[in-house]
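I have placed the structure first, in the form of structure tokens, so that the comments after it can refer back to it.
The values are calculated or read from the model by the stated rules, or taken from the named source; none is laboratory data. What you see is a predicted model; the values in this text were computed from it and never measured. Virtual Cβ from ideal backbone geometry, glycine too; neighbours counted across all protein chains shown. These accessible areas exclude ligands, DNA and RNA; they are computed on the full protein's heavy atoms, side chains included. Shrake-Rupley method; radii C 1.70, N 1.55, O 1.52, S 1.80 Å.
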Amino acid sequence: MAFKTILIIGSGLIGSSVARAARAKAGVETVWMADRSAVVIGTVDRLGIADGTVEGAAHHYASQADLVLLCVPPAKIAEVAADVLPVMKAGAVLSDVGSIKASVIEAVRPYLRDDVSVIPGHPIAGTEFSGPEAGFAELFENRWCVLTPIDADDPALPALTAFWEALGSRVAVMDAARHDTVLATTSHVPHLIAYTLVGTAVDMEQVTGDEVVKFSAGGFRDFTRIAASDPVMWRDVFLSNRDATLEVVDRFIEDLTALKRAIRWSDGETLLDHFAKTRDIRRRIVESGQDEPNFGRDD
Ligand code: NAP
């Protein structure tokens, strides 16, 4: 394995999951972890998932690491990248796990170096929980990890691919704009719809908040799980992936209007046709192993 020493900056759910898996599965000899929060670092120390930890600036470890992996919230990635890039050793790799790629790459571009590979990434794996105690080594197993290299021929791409594969992921390489459109469709807009729908239900005058809780049916409960995701992170996701989100929202509104119209005109054929198509997508997701009913959920 090309990465003997790694530094993880941001020691929450994703960072701590990578830390747990890196030594066990990817042959990493030394895992250092950093976070801006003393409480988080205290928890990491107590859990014993790192060989060394630091609260705040991680320059000392960043100058020695073969791989520096940024696991901070999307709005912080460019700032932390700009801070560590100048001290990284020649030949090292800088990557991240953030859920938005194009705007972050643009913000990092002024700090790029010829002798350090910067290969942004995004593991499509997670739960609605945060912090180092929520992490687990199996989080990335059988999940996709998307890498969006700035230079498609980056010589470090095979090593980073091998790292994620060792963690159990399947790796896809695509350009950042495509990643952002795909994720707007499969993750960001679904979250926006969940936030909207749960807000609408709670605001409905004819239905009390108590009834929403008491009589919540399965469908609504699934939406509340998504709408319980970290508000700050999701605000930043939408603001950072604005163009792709707006494009998908426009398409969604058009399609919703078409279904509304079909209901108004009692056009059952259109409804049936549409629901049959979406059922097929569900079947394909289950068949591809991308659905685990209780993944990250307690209910
Ligand atoms: P998390 O559990 O909240 O962990 C993030 C950690 O980074 C927190 O401890 C946070 O401290 C720390 N942090 C924030 N700014 C920092 C800075 N400037 N320097 C050092 N540490 C800093 O979040 P997460 O769920 O692991 O998400 C981390 C990244 O993974 C995000 O970019 C997200 O897009 C990506 N991701 C998340 C999921 C998911 O399902 N959660 C899935 C795939 C990818 P504070 O709490 O003090 O801010």
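Within the stretch 221-242, take every residue that is exposed (fewer than 14 other Cβ atoms within 10 Å of the Cβ) and over 13 Å from H188 (Cα atoms) and give me the one that is nearest to the ligand (Cβ to nearest atom).
V232
Can you tell me which residues in the stretch 105-130 are small (G, A, S) and surrounded by fewer than 17 Cβ atoms within 10 Å (Cβ to Cβ)? Break it down stepwise before answering.
Initially, the stretch 105-130 is screened for residues small (G, A, S), giving 107, 117, 121, 125-126, 130.
Within the stretch 105-130, just A107 meets the criteria.
Quick check on the stretch 71-85. Is at least one of its residues touching a His at 6+ places or on another chain (Cβ under 8 Å), more than 14 Å from the ligand (Cβ to nearest atom), in the same structural domain as S17 (by TED's automatic domain parsing) and among the β-branched types (V, I, T)?
No, the stretch 71-85 contains no residue that is touching a His at 6+ places or on another chain (Cβ under 8 Å), more than 14 Å from the ligand (Cβ to nearest atom), in the same structural domain as S17 (by TED's automatic domain parsing) and among the β-branched types (V, I, T).
Out of all the residues in the stretch 140-199, which are of a type in the set (K, R) and farther than 30 Å from G218 by Cβ?
Keep residues of the stretch 140-199 that are of a type in the set (K, R), which gives 143, 170, 178.
R178, the sole residue that qualifies.
If you go through the stretch 189-197 one residue at a time, do you hit one that is surrounded by fewer than 16 Cβ atoms within 10 Å (Cβ to Cβ) and polar (S, T, N, Q)?
Looking for residues that are surrounded by fewer than 16 Cβ atoms within 10 Å (Cβ to Cβ) and polar (S, T, N, Q), one finds at least one in the stretch 189-197, hence yes.
Take residues that are open to solvent by 30 Å² or more (accessible area, probe 1.4 Å) and among the β-branched types (V, I, T) and tell me which of the strands (runs of 3 or more DSSP E) falling wholly in the stretch 30-77 contain 1 or more. Don't jump to the end; show me each part of the working.
Working: elements: 30-35, 52-55, 67-70.
Result: 30-35, 52-55.
Based on what the data block shows, is S17 within 16 Å of the ligand (Cβ to nearest atom), closer than 18 Å to S95 by Cβ and in the same structural domain as F129 (by TED's automatic domain parsing)? Steps first, answer last, please.
Working: within 16 Å of the ligand (Cβ to nearest atom): yes; closer than 18 Å to S95 by Cβ: yes; in the same structural domain as F129 (by TED's automatic domain parsing): yes.
For S17, the condition - within 16 Å of the ligand (Cβ to nearest atom), closer than 18 Å to S95 by Cβ and in the same structural domain as F129 (by TED's automatic domain parsing) - is met.
If you check every pair at least six apart or on different chains, which have Cβ atoms under 8 Å apart with a residue in the stretch 46-58 that is within 8 Å of D35 (Cα to Cα) first and a residue that is within 15 Å of the ligand (Cβ to nearest atom) and among the basic types (K, R) second?
Once the first residue is within 8 Å of D35 (Cα to Cα) and sits in the stretch 46-58, its partners that are within 15 Å of the ligand (Cβ to nearest atom) and among the basic types (K, R) give E55/R36; G56/R36.
Would you tally the residues in the stretch 1-29 being open to solvent by less than 20 Å² (accessible area, probe 1.4 Å) and modelled with pLDDT under 95?
Adding up the residues that qualify gives 1.
Taking the stated definitions as given, is V202 more than 14 Å from the ligand (Cβ to nearest atom), touching a residue at least 12 places away in the same chain (Cβ under 8 Å), of a type in the set (A, V, I, L, M, F, W, C) and open to solvent by 20 Å² or more (accessible area, probe 1.4 Å)? Steps first, please.
Values: more than 14 Å from the ligand (Cβ to nearest atom): yes; touching a residue at least 12 places away in the same chain (Cβ under 8 Å): no; of a type in the set (A, V, I, L, M, F, W, C): yes; open to solvent by 20 Å² or more (accessible area, probe 1.4 Å): yes.
Judged against the criteria, V202 is not a match.
Which of the residues spanning the stretch 152-180 are open to solvent by 80 Å² or more (accessible area, probe 1.4 Å), more than 22 Å from S240 (Cβ to Cβ) and either under 17 Å from the mean Cα position of the chain (by Cα) or among the acidic types (D, E) (or both)?
If the condition is that a residue be open to solvent by 80 Å² or more (accessible area, probe 1.4 Å), more than 22 Å from S240 (Cβ to Cβ) and either under 17 Å from the mean Cα position of the chain (by Cα) or among the acidic types (D, E) (or both), then D153, E165, R170 are the ones that fit.
Report, by residue number, each residue of the stretch 74-99 that is touching an Asp or Glu at 6+ places or on another chain (Cβ under 6 Å) and touching a residue at least 40 places away in the same chain (Cβ under 8 Å). First the steps, then the outcome.
Going through the stretch 74-99, the residues touching an Asp or Glu at 6+ places or on another chain (Cβ under 6 Å) turn out to be 74-75, 77, 90, 92.
Listed by number, the residues that qualify are P74, A75.
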